[in-house]
Amino acid sequence: MTESGAESELRGNGSVRKGCDPFAQTQRSKLQHRRARINQQINKEMRMRAGAENLLRATTNNKVKENVALELSFVNSNLQLLKEELEELNSSVEVYQNGNESVSVPMIPLGLKETKEVELTIPLKAMRTPTRNEAGIELLMEYYNQLYFIDNRFFPPNKNMGIFFHWYDSLTGVPSYQRALAFEKGSILFNIGALYTQIGARQDRTTTEGIDHAIDAFQKAAGALNYLKENFSNAPSLDMSTPSLNMLVRLMIAQVQECVFEKVMVAGVKDEFLMQLQSAQEAARVADVYSLVYQTMTQPPVKNYVPFSWTTLVQVKSEYFKAVSHYFAAVALCDHMMGPDDEESEQVKALQQLHVTMPEGPSLITVLKDKEERRKLGKAHLKKAIIKHEEAMRIHSLCRILRKMDILQEVLAVVHKRSLKKYSEIDHEDDFFDTVEAPEIHPKTQQKPEIKTPNFSKVKVTDIFHRLGPLSVFSAKNRWTPAREVHLKKSEKGFGFTLRGDSPVLIAGVVPDGSADEAGLREGDYLVSVNEQDCKWSKHTDVVQLLKNISTDGVSIGVITLITSEQQNNQADRKSLLGTMSSASIFSGNDKENSRKIADSSKSPGLLLTWNKKKNSSKDGSTHSLPFIAVTDDGSFY
């Protein structure tokens, strides 16, 4: 991808990709800041509620119980108010829509999940403020890919690290904490999908190009959320649970289908019978998928989770597009007569496929050839269109938040008037017949939505801990002794050791009583530096040449030793022994002798810790790194 000036600016003066300015006062950022503030307040109130409930269970004092119960009622009231405020924020879909003056039905975007900073490195903090464009998506994907290296380097298998990942539910604001890096990856994947929904909602859907971009964004949103559903389980928050993700994927597919219908409208519906019928079936397809989304939203456990405005908007859209489908069917029947050059079989086939069930009355060929019969059936469709429009307007009026959406209200009013006007044009004063019941329109689309799985391979990343050495060797699954310096002097026979392999080079053999043997070098050690020059990525030939160029004054090499499974078991046994000796010394009184034994035992390499853990006086928790490499705040190494 060619890097634009804006993206280049986002990258700053290095290769680290940056997010948008977290202090920028855009409508979207203000909304996100308000969401973050409410999330913090919800977190505080939930802690207070948990404490009050624990005290209520523990105390037997009736006076205390009364006071705690009263306080608990206040906390629950505050939580309800915060929940309502957050629901209103989640219903603020207009902020994410395109800013032009055209009239379009708004789409439903997802707000980003909020999180807290994790003390890793500065390049990892940018993912909290991605820009609402492709660069923002690439930022999140880059971070997601970087988590692969972090997982393998610092998170040992079958062992939890002391790092908590803290995320808030995107809709309820309820906080969740987990030590598993999978929670971080899943949350980032959710935000990739959410960011795609925002990109889709902001497109100008009055142009074919804008609609194509919107379709692509919503399909990728569906793909990200579906990938999350299929690859991550036991979600700690409702927004990442299987029922919620099922609902969100269906919502994205429905919005894609709506864009497909809009594309047909933008291209222009030709004033002909077949094109009008096609438009009717496209609209029926949109109504059908939104009806499915509505059914999903009204089933537990999603029912009490999704904002009421979302459920209402989806129901409004379902009724609205049903009305539109009947309107186009009526126009096709009332405004077009079969001409002498028209293919009769083609029009009969199209009319046969229009309805779910055959309409009452004469045969379809008679309807096609008889203007009055076409008018009667068209009038029936218009009557149903008006009923559906009025139902959509009634449902819309039930939601306070939707009533504030001027664009949606205007769209509903315009299309309703359009159907009324058409009905008045074809209605005759001498119509004494009973209007037949118009059958439902058979849903059909010319472009089926796709679920586009995220392509993480398109975003290339470099391991930010590259300097630690090859991941295949310097990973959390391997345990190492701390690095040690070995000083060697070259004799007539050389340094007294042989090398094998690459990146890093292995000490393959040590000559007995040679310079290396006397200095403490052992077979199986890994050579990581020569005279303070890092060699963890060096090839065998490069290290050999480096050693050949050393003068007779000697050389200082850094080596580390891999702790085998047997050594790890011995380490555990020795720890157990030390614990027994310490306990025994209390009763034996021979403290001095036992202390000496403990000190001697602690010199064994088998007792050395695999990872160095240094307490950070200025920050909570601990930092973990391979021996002898330290990472500073700016990502540099020393």
Could you sort Ile253, Ile560 by their accessible area in this structure, using a 1.4 Å probe and putting the largest first? Ile253, Ile560
Order Arg153, Arg202 by their accessible area, 1.4 angstrom probe, all chains in place, largest first. Arg202, Arg153
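Quick one: compute the contact order of the range 337-471, relative version, from alpha carbon pairs under 8 angstrom and 6+ residues apart, as a percent.
Answer for the range 337-471 is 33 percent.
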Amide H within-cut-off set for Val530, under 5 Å, with H built and near neighbours excluded: Cys535, Gly558
For the range 43-88 and the range 246-319, what is the separation of their Cα centres, given in Å? 41 Å
To the nearest 20 debye, what is the magnitude of the charge dipole of the range 413-568 about its Cα centre, counting +1 on the Cβ of each Lys and Arg and -1 on the Cβ of each Asp and Glu? 720 debye
Under-5 Å amide H pairs with Gly554, H placed in peptide plane, nonlocal only: Lys490
Solvent-accessible area of Met48 with every protein chain in place, 1.4 Å probe, in Å² to the nearest 10: 80 Å²
With θ taken as phi - 60° and the coefficients 6.51, -1.76 and 1.60, list the Karplus ³J(HN,Hα) couplings across the range 402-411 in order, rounded to whole Hz; mark glycine and proline as x. 5, 5, 7, 7, 5, 4, 4, 5, 5, 4
When the Karplus curve 6.51 cos²θ - 1.76 cosθ + 1.60 is applied with θ = phi - 60°, which whole-Hz ³J(HN,Hα) does each residue of the range 193-208 get, with x for Gly and Pro? x, 5, 5, 5, 5, 5, 5, x, 5, 8, 5, 7, 8, 9, 10, 4
Semi-axes a, b, c in Å (a largest) for the range 380-502, each sqrt of 5 times a Cα gyration tensor eigenvalue, come to 82, 19, 12
Mean-position separation - Cα centroids, the range 502-527 and the range 167-243, in angstrom: 52 Å
When the Kirkwood hydrodynamic radius is evaluated over all pairs of different C-alpha atoms of the range 284-442, what value in angstrom, to one decimal, is obtained? 17.1 Å
Please compute, over every Cα-Cα pair in the range 158-213, the percentage with a separation greater than 18 angstrom. 52 percent
For Val415, Val174, what's the largest-to-smallest order of accessible area, 1.4 Å probe? Val174, Val415
If each K or R counts +1 and each D or E counts -1, the residues other than Leu55 whose Cβ falls under 15 Å of its Cβ total +2
Amide hydrogen neighbours beyond the local backbone of Trp480, cut-off 5 Å, H modeled: Ile563
Return the sequence-ordered ³J(HN,Hα) values of the range 181-189 in whole Hz as given by the Karplus equation 6.51 cos²θ - 1.76 cosθ + 1.60 applied to θ = phi - 60°, using x for Gly and Pro. 5, 4, 5, 5, 5, x, 5, 5, 5
If N is the residue count of the range 372-429, its Cα Rg over 2.2 N^0.38 Å rounds to 1.33
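Could you tell me what a quarter of the Cα convex hull surface of the range 325-406 works out to, in nm² with one decimal place?
Taking a quarter of the hull surface, the average projection is 6.9 nm².
The values are calculated or read from the model by the stated rules, or taken from the named source; none is laboratory data. Since we're looking at a predicted model, the values are computed, not measured. Every residue, glycine as well, gets a Cβ built from its backbone with ideal geometry; the counts of neighbours run over all protein chains shown. Please note that ligands, DNA and RNA were not included when accessible areas were found on the heavy atoms of the full protein model with its side chains. Shrake-Rupley method; radii C 1.70, N 1.55, O 1.52, S 1.80 Å.
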